[in-house]
1. Rounded to whole Å and ordered largest first, report the semi-axes of the equivalent ellipsoid of region 6-150 derived from its Cα gyration tensor (root of 5λ).
2. Can you grab the distance from the C-alpha centre of region 6-68 to the C-alpha centre of region 155-192, Å, no decimals?
3. Using 0.36 nm per residue of separation minus the Cα-Cα distance, give me the extension gain between residue 341 and residue 203 in nm, one decimal.
4. Using only the Cα atoms of region 246-329, build the gyration tensor, take square roots of its eigenvalues as a ≥ b ≥ c, and label the shape rounded, prolate or oblate: rounded if a/c is under 1.5, else prolate if a/b is larger than b/c, else oblate.
5. Taking R0 as 45 Å, what's the FRET efficiency between residue 184 and residue 85 from their Cβ-Cβ distance, rounded to 0.05?
6. For residue 30 and residue 139 in one chain, what is 0.36 nm times their gap in residues minus the Cα-Cα distance, to one decimal in nm?
7. Treating only the Cβ of Lys, Arg, Asp and Glu as charged (+1, +1, -1, -1), what charge dipole size does region 6-150 show about its Cα centre? Round to the nearest 20 debye.
8. With +1 assigned to the C-beta of every Lys and Arg and -1 to the C-beta of every Asp and Glu, and no other charges, what is the dipole magnitude of region 320-386 about the Cα centre in debye, to the nearest 20?
Amino acid sequence: MTENKKQIAILGSTGSIGTQALEVIAENDSLFEVYALTANNNVDLLIQQAQKFQPEMVAIANESLFQTLKTALSDLPIKVFAGADSIAQVAEMQPIDIVLTAMVGYSGLKPTINAIKAGKKIALANKETLVVAGELICELASKYNSQIIPVDSEHSAIFQCLAGEGNNPIEKLILTASGGPFRTKSMQELEHVTSAQALKHPNWDMGAKITIDSASLMNKGFEIIEAKWLFGVTPDQIEVVVHPQSIIHSMVQFADGSIKAQLGMPDMKLPIQYALTYPERIKTNFPRFDFSVCSQFTFERPDMERFRNLEYAYYAMDKGGNMPCILNAANEVVVAEFLKDKIGFLQMSDIIEDVMGKADFIAKPIYEDYVKTDALVRILTKELIK
Ligand code: MN3
């Protein structure tokens, strides 16, 4: 461990964000050092990453893979842990400066809470954490003086637009959406789209779960909730506009009517790097946007009739309590079933709507309520699919 380098923990290092974060770190190894890496199941890639980056410790959530990991790294001075609890513990280790939360879904909640309680700076890529328990996370972050820096490209854009604005009043946040691969599909066509089609995102290269969420606009739904908590605005101050070119990553409209936007190529390495170097910017050699190549920016309203998930997310955000947690748990189940082609694309929204009407609503949830809601809603959703 080198004293003057920022010590980074990457939770979910084998996923799309995790691997891109390691590319950013590899290119800036005079600034950053990997302190810890964690993964869910992908032990082979975790081993390769550990051999290359030589962190102090690695952890794998799937305990049955402990021995494989341990044996493969036995000739290196790397501590090896297994189990979901160990990942939450890794997040609070003393030397860590920044915890990048890049795991998928609800599983990010506990480790993020631990990292916040340890006062770490959080580079937040796991949006589900804020969707599920945004109120609790924000309370803890202020109590333990932990700064949350968004990695999600839209929120990074807003964060960048707000830099230097002090307490200048925000009128609204304008989140851009690509519209996904099915933007122009009719209702009848949407009936028959497959997971393979949904996995072909036009602009962004991402993991499977978020790519399906993008196709169904649930991702944008989660992002409005994420924005509400990150930037302390009310639901009516958050607007979504479809911008198929994905060059404007989001915008802020201030009280005087002025709108600031952040633009760039759709490359997650940029917001990842900004979260790690903030408040500084450092040179990259990523491809630059060329106005002579893309000469047209277009905008349209999102269609909430074909893409009902966005409407459900607005409803969940307005309703508050554990409703966003219900929305997220139901969505995690239906996306997994859709990926196995067990249910259709439009059925995902049907089931989510049904679950939101049937699950028990809790107006003022505490941590244990989120845990219980998540577990019960998964069971309920699976029953409704049968
Ligand atoms: Mn995004």
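1. Details: eigenvalues 112, 53, 34 Å².
Ellipsoid half-lengths, sorted descending, are 24, 16, 13 Å.
2. Between the Cα centre of region 6-68 and that of region 155-192, the gap is 30 Å.
3. Numbers: separation 138, 0.36 × 138 = 49.68 nm, distance 2.36 nm.
Net length gain for the segment: 47.3 nm.
4. Working: a/c = 2.00, a/b = 1.56, b/c = 1.28.
Note, shape of region 246-329 comes out prolate.
5. Details: r = 46 Å, r/R0 = 1.02.
Between residue 184 and residue 85 the formula returns 0.45.
6. Numbers: separation 109, 0.36 × 109 = 39.24 nm, distance 3.44 nm.
That works out to 35.8 nm of additional length.
7. Details: 10 positive and 14 negative charges, 51 e Å.
Dipole of region 6-150, to the nearest 20 debye: 240 debye.
8. Numbers: 8 positive and 11 negative charges, 23 e Å.
Charge dipole of region 320-386: 100 debye, to the nearest 20.
Each reported figure results from applying straightforward, stated rules to the coordinates on display, with no laboratory input. Keep in mind that this is a model prediction, so the values were computed, not measured. All Cβ positions, even for glycine, are placed from backbone atoms using ideal geometry, and neighbour counts span all protein chains on display.
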